[in-house]
């Protein structure tokens, strides 16, 4: 089977040849510079109106290199390039999407309720740092029990190493990881093992190096709106229609041409769009209309504003716009609870962290309109109690929460082992879909640091910017001599690669056993009962140390969690009815009560068969 997404820009191949199309509304003329083997030629593009330039070349097969010369001067790659093998400043390559034969004919994805997500960075996940190297570790992921892989952004970025959030060619998978064919093989291999594959995409800015749009299409940006990266992407100003189509087609392209099962949208709170429908709503509507019920396609947001409006369901419990949102609240609350950290954004959770954990587990957001001290006493969030808990992705670690620490420490180095084990049991054995960050399952000793590969001037600016970012955290304000690892150093990237010897060694294999146990119990007892789950649960916190959470599942089963997050034994109220499906330790029974050891969890389920 073959798959291609037809786009209104970039290159398209058919029986008449290869069409080249560029939106360059500020250009007076555009020429195509085409190269194949030792043959080079220049072909003028015809102006088609509204800023569009186009030509069709009969003999420009796959593998041809091409670029556009603007007004007889600057030569730029195609912003809709499917592949840029020599990095973002060089020529693009013609790719024939129909050259790949897919083997996943019967694959329609998996229901969202089955999602157990594993986030990873392609370059740091394996020794080779490639798409092919990833596939070699798929058996580990299957044995772990996850059902979805989430790739950090792949859009072509400058240099050989980057987190991916500095991409400038959104349609081109970065060549440092492999070719478009290699990426398709990865998705194909994942589907063969029953694994969904999600992709993180960045629609709030372009990276600072290798972006030439300002030279010939400044209409891509709206100077009336400002973001941390400068003028906002133009989703609502003059000529915004072409810009909106660029990003909508990017989403459709990854889902159709590469068969991704879902997208994670980075920092949508940084999108500025005052039109109606806004770009998020329109994009989601187009995706839903394109795939309908033929395939399970999942759209996940990162949104610091906690806007519940994008997470609504219809009468059949189907997402209207987004499927779910990353729930940073639950990470921050758990982190403050088990590490004691209270600076930076943890200040919003430090006063009663266990209460915030309970609210997240039972209601979704911790902040549903309350005042945020970290955000200069502004209110944050919207009520979420009316939403089903599968609208919130829970996690204890992500690339952000590990990598945005100066030394990239994972939670296992910051909190007691029993406390981390208790926290992950709560996440994996509650209704919300969980997300793990690569290596977390075996308590990887390697950090995950911030790394990039910029030119000297920009590299210096990034180093200084990182130091300013940490100034709001107590450790840095107290010691101005601290210096984080150099993001631009190859050693920083090398230090972030997983060590795949560790899962077979102690203490790492004991951690891995705990994760596998919890995931197996989730898949056996909770996942089959999640479809149609009603909104919210209930929670109670006793003496700021014992948490009780109760949920009604989709089949009306009752799930109960009791957790002691104190370093001392704790007396609990009478245990809930139902079958015990998980216990950190065997509880010590006493009359009408149970004694829980420090940092321990009990989960019971009251139901018949699902």
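What follows draws every value from the coordinates through simple rules; no lab data is involved. Treat the numbers as computed from the prediction; the structure is a model and nothing was measured. Reconstructed Cβ throughout: ideal geometry from the backbone, glycine too, with neighbour counts over all protein chains shown.
Measure of size requested: the Rg and Dmax of segment 364-461, with Cα atoms as the atom set and Å as the unit; please supply both.
17.1, 50
What FRET efficiency do you get for residue 342 and residue 28 if R0 is 60 Å and r is their Cβ-Cβ distance, rounded to the nearest 0.05?
0.55
Ratio of Rg to Rh for segment 476-571, alpha carbon only, Kirkwood?
Over the Cα atoms of segment 476-571, Rg/Rh equals 1.16.
In Å, what is the Rg of the alpha-carbon atoms in the chain, and how long is Dmax?
Reported Rg and Dmax, both Å: 25.0, 88.
Multiplying the sequence separation of residue 544 and residue 461 by 0.36 nm and subtracting their Cα-Cα distance, what value in nm do you get?
Stretched fully, the residue 544-residue 461 segment lengthens by 25.5 nm.
Taking the chain as the reference, fit the longest principal axis to its C-alpha atoms, fit the long axis of helix 508-521 to the helix C-alpha atoms, and give the angle between the two in degrees, 0 to 90, nearest 10.
Between helix and principal axis, roughly 80 degrees.
Using a Förster radius of 35 Å, what is the FRET efficiency between residue 309 and residue 50 based on their Cβ-Cβ separation? Nearest 0.05, please. Walk me through the numbers before you get to the answer.
Numbers: r = 33 Å, r/R0 = 0.94.
Approximately 0.60, to the nearest 0.05.
Any number yet on Rg/Rh for segment 108-151, C-alpha, Kirkwood?
Ratio of gyration radius to Kirkwood radius for segment 108-151: 1.00.
Express the Stokes-Einstein translational diffusion coefficient of segment 311-431 in µm² s⁻¹, to the nearest whole number, given a Kirkwood radius over alpha-carbon pairs, 4 °C and a viscosity of 1.567 mPa s. List each step's numbers first, then the result.
Numbers: Rh = 15.1 Å.
In µm²/s, the coefficient rounds to 86.
Restricting things to alpha carbons, find the Rg to Rh ratio for segment 1-159 using the Kirkwood radius for Rh.
For segment 1-159, the value is 1.06.
Just subtract the alpha-carbon distance of residue 104 and residue 320 from 0.36 nm times their residue separation and send over the number in nm, one decimal.
75.0 nm
Using only alpha-carbon positions, what ratio does the radius of gyration of segment 67-212 give when scaled by 2.2 N^0.38 Å?
Working: Rg = 16.3 Å, N = 146, 2.2 N^0.38 = 14.6 Å.
In units of the globular-protein estimate, segment 67-212 measures up at 1.12.
Residue 607 versus residue 42, label points 7 Å from Cα toward the beta carbon: distance in nm?
Spacing of the two 7 Å Cα→Cβ label points: 6.9 nm.
Let's test this: bin the Cα-Cα distances of segment 10-99 at 5 Å from zero up to the farthest pair and state each bin's percent.
P(r) over segment 10-99, rounded to whole percents: 3, 15, 28, 27, 19, 7, 1, 0.
Run the numbers for residue 1 and residue 506: contour at 0.36 nm per residue of separation, minus the present Cα-Cα distance, in nm.
My answer for the length gained is 177.3 nm.
Using label points projected 7 Å from each Cα along Cα→Cβ, tell me how many nm separate residue 19 and residue 139, to one decimal.
The answer from the label model is 4.7 nm.
Given a Förster distance of 35 angstrom, what is the FRET efficiency for residue 378 paired with residue 215, based on the Cβ-Cβ distance and rounded to 0.05?
0.40
Assuming a ≥ b ≥ c are the square roots of the Cα gyration tensor eigenvalues, decide whether segment 248-387 counts as rounded (a/c under 1.5), prolate (otherwise, with a/b larger than b/c) or oblate.
It comes out prolate by the Cα gyration axes.
Quick one: give the max-minus-min coordinate of the C-alpha atoms of segment 125-272 along each principal axis, largest first, in Å.
For segment 125-272, the Cα extents along the three principal axes come out at 51, 26, 24 Å.
Tell me, what is a quarter of the convex hull surface for the C-alpha atoms of segment 232-324, in nm² with one decimal?
For the Cα atoms of segment 232-324, the hull's average projected area reads 6.1 nm².
On C-alpha positions alone, give me the angle between the axis of helix 328-339 and the longest principal axis of the chain, in degrees, nearest 10.
Taking the Cα atoms of the chain, the angle to 328-339 is about 50 degrees.
Which value in nm describes the separation of the simple spin-label points at residue 524 and residue 352, placed 7 Å from the Cα toward the beta carbon?
Distance between the two pseudo-spin positions: 3.7 nm.
Quote the relative contact order of the chain in percent (integer), defining contacts as alpha-carbon pairs under 8 Å separated by 6+ residues.
For the chain, the relative contact order is 11 percent.
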